[in-house]
Amino acid sequence: MEIGKENSIIRAVNISYSYDSDVKALENISFNVLRGEVVTILGPNGAGKTTLLKCLLKILKPHGAIYIDGKEIQKISNKELARKIGYVPQRHHSIFAYRVIDFVLMGRAPHHTMFSLPSKSEYEKVVEILKILGISDLAHRTIAEVSGGQLQLILIARALIQEAKILLLDEPTAHLDIANELKVLSIVRSLVKKNIVEAAIMTLHDPIMAALFSDKIILLSNGVVLAYGKPEQVLATENLYKAYGIEFDVLRRNNNILVIPKKLPEI
Amino acid sequence: MGVKDVIESILSALVPSLISSPPEAIQRIILLYRLPRIIAAALIGMALAISGAALQAMLRNPLVSPHILGVTSGAALGAALAIAFLPAYIPIELIAMVFALLAFILVFIIAWGWGRGSIISLVLSGVIVNALFSAALSLAKFLTPDPHRLASITFWLMGDIGQAAKWADIYRMALIIIPCITIVVLLRWRLNILSLGDEEARTLGVNLTLERGFCATICALMTATAVSYAGIIGWVGLLVPHIVRLTVGSDNRYVIPYTLFLGGTYMVLADDLARCLVTEVIPIGILTTLMGAPLFIYLLRRAGRVWR
């Protein structure tokens, strides 16, 4: 049991992971996510963001320790973990054209055995969550028929119906236009602030969006943490240069941080 | 022989005291030939169709049929060996069943031993084992000394419900097929979750290695039983779930029960046609494929938008 961190919901202590023996994908990563926080794992392509996320989902087994809600992750069964963490994948490749309502309902799986069926009250919960996310009109369409932005909201709905405390999102806006990007990230933030989930962790590659929506940022590059803390601490010109190899101007306007490239890369 | 004779024959067999029985010849035809044949066809159709539906869902591949598990080519090899080299008193279906299960064990070892039961490893190991057993089947045919036995092998491979249409065989088939069907029906919502793919199913708390292995074993058991008794019957396991999905949508809570119903019906009808279309009995495996292939092309054309 982890001591003295009552407010901590995810705690990573010195985790390292390597796919091959020589190259480390993650090295000595430590951080602490508190209840009520939106934390972004930020970094360029190949920085180790997805690897870190997979460690938090127990898909990969790193060295070091991860505590979810005070309990060491390796001691948590898949089913129990699925009740603690709702995962939103980057995209879903649909093979079968399930109706949206049936698709979201599948998020109830961690509360069932192999042989049980979802109940009517669980169906009603789905209806309620679709309403909260503003996608009730999609309920009876199939997931093959919805747009990328809508699918992202549907995947979030499926994670919410899990009734997990933590939401984990892998590049939730990677395939979205700017309007949908802002909408999805605002929804994620409001879910935490309205206490519908206790914390959200997401990976993003865009520092501008990270600045707008995060309470804390973990800046990753080549598998190590370059900076970790509040957006105004992490998003400094020298940190961003180290991560992306590009010089950025970091501006402040109305409590928001804006990150703008100083000059475009020369090709 | 009319409907009245059929009903009276069955009723008088069930409750002899209540009803006067129809002429013995008619009763014998109905109770010893027609009825068992219908029940056997329905059982086999249900087993193949529901295995197909379950496997398509859990392997995320609508083009998969129960034959992917290797059991069909295993049964074929077993039957060929039994017909070619063993004395007639050893039941063909027994040897077919043994080889069918052997083939599945091989698929299981390859897929779960080295591939951790991932979708791709299961499909690939099925392909490998099928190829291996098909080659062995050709070799067995090549080495068969007696041309009459070679002809018997060929006929067996074409499929025939008649081989399984004895009450004793039906009891044995039902003993395996009915529990397996019941399990798949109970698993029907879980199949939705398994169809989401490895990563998503795992993050929804599924123990993939265990659940996919269990499900594949159940499907292999009932497919092995069906093909060991009736020979190779193609297309039912592929086609019927597709027709059902076009009608009731993709949710396996509905796909599975409807597939069960339609699979049984399709096979009974196909067997009726096989017996009545021409004076000779056409092997049912030929008929299900002849009916199935054009129907499948038509369905794929119509359904382009559903399976993207």
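The values are calculated or read from the model by the stated rules, or taken from the named source; none is laboratory data. Note that this is a predicted model, so its numbers are computed, not measured. With ideal geometry, Cβ positions are generated from the backbone for all residues, glycine too; neighbour counts draw on all protein chains shown.
The set of residues in region B:250-281 that are crowded, with 19+ Cβ neighbours inside 10 Å, out of contact with any Asp or Glu (no Cβ under 6 Å at 6 or more places or on another chain) and free of Cβ contacts under 8 Å to residues at least 60 places away in the same chain contains only B:SER250.
Within region A:164-205, how many residues turn out to be in contact (Cβ under 8 Å) with a residue 12 or more places away in the chain, small (Gly, Ala, Ser) and within 22 Å of A:SER8 (Cα to Cα)? Counting residues in region A:164-205 that are in contact (Cβ under 8 Å) with a residue 12 or more places away in the chain, small (Gly, Ala, Ser) and within 22 Å of A:SER8 (Cα to Cα) gives 3. Taken over region B:68-113, the criterion of being closer than 30 Å to A:SER94 by Cα and under 20 Å from the mean Cα position of the chain (by Cα) is satisfied by B:ILE68, B:LEU69, B:GLY70, B:VAL71, B:THR72, B:PHE104, B:VAL107, B:PHE108. Within region B:196-237, the residues that satisfy the criterion of being within 12 Å of chain A (Cβ to nearest Cβ) and within 30 Å of B:ARG37 (Cα to Cα) are B:CYS215, B:ILE218.
Exactly one residue among B:SER121, B:SER125 is under 29 Å from B:LEU194 (Cα atoms), surrounded by fewer than 18 Cβ atoms within 10 Å (Cβ to Cβ) and among the hydroxyl-bearing types (Ser, Thr, Tyr), and that residue is B:SER121. Pick from region B:140-195 the residues that are free of Cβ contacts under 8 Å to residues at least 40 places away in the same chain and within 14 Å of another protein chain (Cβ to nearest Cβ): which of them is surrounded by the most Cβ atoms within 10 Å (Cβ to Cβ)? The qualifying residue surrounded by the most Cβ atoms within 10 Å (Cβ to Cβ) is B:ARG190. Taken as a whole, the condition of being buried (at least 20 other Cβ atoms within 10 Å of the Cβ), part of a helix (DSSP H, G or I), among the small types (Gly, Ala, Ser) and at pLDDT 90 or above applies to B:GLY237.
Meeting the requirement of 2 or more residues that are under 29 Å from the mean Cα position of the chain (by Cα), the helices (runs of 4 or more DSSP H) wholly within region B:3-67 are B:3-14, B:35-58.
Scanning region B:166-204 for residues that are within 26 Å of A:GLU80 (Cα to Cα) and either of a type outside the set (Lys, Arg) or at pLDDT 95 or above (or both) yields a total of 21. Considering only region B:196-217, state which residues are under 25 Å from B:ALA76 (Cα atoms) and surrounded by fewer than 21 Cβ atoms within 10 Å (Cβ to Cβ). Residues satisfying the conditions are B:GLY213, B:PHE214, B:THR217. Of the residues making up region B:110-123, those that are part of a helix (DSSP H, G or I) and more than 13 Å from B:ASN61 (Cα to Cα) number 6. So which residues in region A:224-261 are surrounded by fewer than 16 Cβ atoms within 10 Å (Cβ to Cβ), in contact with a helix residue (DSSP H, G or I) (Cβ under 9 Å, 6 or more places away or on another chain) and assigned to a loop (DSSP other than H, G, I, E, B), if there are any at all? If the condition is that a residue be surrounded by fewer than 16 Cβ atoms within 10 Å (Cβ to Cβ), in contact with a helix residue (DSSP H, G or I) (Cβ under 9 Å, 6 or more places away or on another chain) and assigned to a loop (DSSP other than H, G, I, E, B), then A:ILE246, A:GLU247 are the ones that fit. Counting only helices (runs of 4 or more DSSP H) that sit completely within region A:89-177, those holding 1 or more residues that are over 25 Å from A:LEU56 (Cα atoms) and within 13 Å of chain B (Cβ to nearest Cβ) correspond to A:100-105, A:120-132.
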